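To keep things clear, I will list the structure first and then write my remarks on it.
Just so you know, all these numbers are worked out from the coordinates, no wet-lab data involved. What you see is a predicted model, and the numbers here were worked out from it, not measured in a lab.
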Amino acid sequence: MLAPFGEPVFIDKPFATSYRDALKLIEIAQIYQVPLMSCSSLRFAEGIVNAIMKSGEDPITGLIATDLCQ
């Protein structure tokens, strides 16, 4: 387990394979006060970027998600 070292942790997708596993990861991060981050790099994939640009819609520049586990 890396959490006791206290270093920030990045988890590539999928964050977890189940809701229960995700809760356990969050619990461990809270116990050891470890910053935890997960995101997808797919938003930078050429095909997705091109499709967004061709759509004529305003590009998505950000997203805020609430913490449902608190």
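Using C-alpha pairs below 8 Å separated by at least 6 residues, the relative contact order for the stretch 3-46 is 55 percent.
Distant-in-sequence amide contacts of Val9, defined by a placed amide H-H separation under 5 Å and a gap of 5 or more residues or a different chain, comprise Leu36, Met37.
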